[in-house]
Each structure stands twice: as C-alpha cells, then as structure tokens.
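The structure appears right after this line, and notes come after that.
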Amino acid sequence: MTIIAIVSQKGGSGKTTLSVNLAAAAEAAGAVALIIDTDPQATASQWGAWRADKAPEVIDSAPPRIQAKVDAAKAQGATFIVIDTPPHADSAASRAVEVADLVLVPCRPSAFDLAAIKTTVSLVRLFDKPAFVVFTAGPPHAPRMYEEAIELVQSFGIKACPHILPDRAVYRHASAAGASVIEFESEGKAVAEIAALHMWTIAQVNMSTTAHEGV
C-alpha cells in the first residue's frame, strides 16, 4: 500500500486539488484509492459527497485517528491512500507525515508562498521522510520562474518534483462537477500532467522502499 501525505502550512496552495486528482489518477490506473480528509473545512469530503458512491472514496479523520483509519483501509483492500491536511495544523500534518511513504508539498511559484514552505520543510525533516515540492497554480509557460523556484526550494533542503501542475481552468470546472480532471476530459494537458505525476509518485515510493530494504 502506498501512502502519500499532502502537506503545506500555507493556505491556498492547492492541497485538496492535488489530493483528489492524484487519488483519482491512481484509481484510473487500477489502484483502490482512498482520500483521508483531515481538514476541518472538509473540502475533499464535499467533493466526495458530490460524487455519491463513485471512487475514490473520501473519509474524514481527526489527527489522532489517522493511523487507525490507514490500518482499517489497508484491511479493506486500499492500495493507494492520499492524506489531505489543513494549513496551520501541526498535529494533522505531523500525523500524516509520520504514516506516509512520501510527502508532497504543493506550492505556488511565488515569493510569499515559497518563503512559507520553510516551516513545512522543518516538519518533514523531523520524521526523515522523502519529500518533494510540487509547484501548483503557476503560469503554464514560465521556465525561468520555475528554475528560480527550484533553486530556492533546494536551498531550503528539499527537492522539487520534476512535474508541475500549472493553473488550468479545467481543475475548477472538474471540481465544480464533482469530478477529477481525468474524468472530466479524456485528454488534455492537465490529464497528462496528473497522470505523469502519479507515475512519478509510484516510482519514488518504490525507490524509497528498495533503498530502505537494502540498508
């Protein structure tokens, strides 16, 4: 089972958008996916409610219950779990990072957003988990901006994911319809970007597991 924690101490970074679309991509690729929503605003849970019984399932959890929810999901056959966390909630973020195989930190490629991830990086370091910044909601064509953003996050001691999720209207249209971008349109740039991010995520978890077993 693969467990991905989506963590950022800054609001508006795109955590829920990343969470639901990554889980949906996993489901589309044959996994039994689950989203654990630990955010009191319950945005992911609302998205799940709009979908009725359509996979991936979304469940909520208080921070102390995250491990128990993961254990129960594993027993019921889940193979890919995404934990969506709230901003400014160290307890939820800490518990999510603690149980995760991989931590993704969504971040807009702007100065204020980039500066704000330092707190998240410090949290990830406490648990010594593999983690990457995923640039979200930036312009689709701004290579110099992303180059500078990558250099900055690396100076914080964290790597940048090679796959970015730039701002695309389809994310908003899909969410409003209670869908993922993969479900909303069969083709398109956002679909290709999410699918590539999912495959990269799986590869990172596999590499991390192999390295750990080789120790």
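The values are calculated or read from the model by the stated rules, or taken from the named source; none is laboratory data. Treat the numbers as computed from the prediction; the structure is a model and nothing was measured. Cβ atoms come from the backbone with ideal geometry, glycine included; neighbour counts cover every protein chain shown. Note: accessible area is taken over every heavy atom of the protein model, side chains too, but ligands, DNA and RNA are not part of it. Shrake-Rupley method; radii C 1.70, N 1.55, O 1.52, S 1.80 Å.
Things worth noting here:
- Complete set of residues in the stretch 124-157 that are assigned to a loop (DSSP other than H, G, I, E, B) and touching a strand residue (DSSP E or B) at 6+ places or on another chain (Cβ under 6 Å): Lys129, Pro130
- Selection status of Pro162, at pLDDT below 95, open to solvent by 50 Å² or more (accessible area, probe 1.4 Å) and farther than 21 Å from Ala44 by Cβ: no
- Residue match in the stretch 100-114 (condition: of a type in the set (Gly, Ala, Ser) and either modelled with pLDDT of 95 or more or touching a helix residue (DSSP H, G or I) at 6+ places or on another chain (Cβ under 6 Å) (or both)): yes
- Filtered residues of the stretch 175-186 (kept if loosely packed, with under 14 Cβ neighbours inside 10 Å and either within 15 Å of Ala24 (Cα to Cα) or touching a helix residue (DSSP H, G or I) at 6+ places or on another chain (Cβ under 6 Å) (or both)): Ala177, Ser186
- Residue identified as over 24 Å from Ala149 (Cβ atoms), surrounded by 24 or more Cβ atoms within 10 Å (Cβ to Cβ) and more than 14 Å from the chain's Cα centre (by Cα) among Ile66, Ile83, Ile59, Ile36: Ile66
- Within the stretch 38-60, residues that are among the basic types (Lys, Arg) reach partners that are outside any strand (DSSP E or B) with beta carbons closer than 9 Å, at six or more positions or on different chains, in the pairs Arg51/Gly178; Arg51/Ala179; Lys54/Gly48; Lys54/Gly178; Lys54/Ala179; Lys54/Glu183.
- The residues of the stretch 1-25 that are of a type in the set (Gly, Ala, Ser) and either assigned to a strand (DSSP E or B) or within 18 Å of Gly48 (Cβ to Cβ) (or both), listed by number, are Ala5, Gly14, Ser19, Ala23, Ala24, Ala25.
- Taking the criterion of being under 14 Å from Ser94 (Cβ atoms) and either among the basic types (Lys, Arg) or assigned to a helix (DSSP H, G or I) (or both), the residues of the stretch 44-71 that qualify are Pro63, Pro64, Arg65, Ile66, Gln67.
- Odd one out for Ala52, checked against (1) among the aliphatic types (A, V, I, L, M); (2) modelled with pLDDT of 95 or more; (3) open to solvent by 10 Å² or more (accessible area, probe 1.4 Å): (2)
- Being of a type in the set (Lys, Arg), open to solvent by 30 Å² or more (accessible area, probe 1.4 Å) and in contact (Cβ under 8 Å) with a residue 12 or more places away in the chain is a property that Lys15 lacks.
- Residue check for Thr43: open to solvent by 30 Å² or more (accessible area, probe 1.4 Å), within 12 Å of the chain's Cα centre (by Cα) and polar (S, T, N, Q): no
- Filtered residues of the stretch 165-174 (kept if in a loop (DSSP other than H, G, I, E, B) and open to solvent by 20 Å² or more (accessible area, probe 1.4 Å)): Asp167, Arg168
- Contacts under 9 angstrom Cβ, first residue in the stretch 135-163 being under 21 Å from Gly12 (Cα atoms), partner assigned to a strand (DSSP E or B) and open to solvent by 60 Å² or more (accessible area, probe 1.4 Å), 6 or more apart: Ile150/Lys159; Val153/Lys159
- Hits in the stretch 148-159 (condition: open to solvent by less than 90 Å² (accessible area, probe 1.4 Å) and more than 15 Å from Ala111 (Cα to Cα)): Gly157, Ile158
- For the stretch 106-147, the set of residues classified as surrounded by 14 or more Cβ atoms within 10 Å (Cβ to Cβ) and within 18 Å of Pro63 (Cβ to Cβ) consists of Thr119, Thr120, Leu123, Val124, Phe127, Lys129, listed by residue number.
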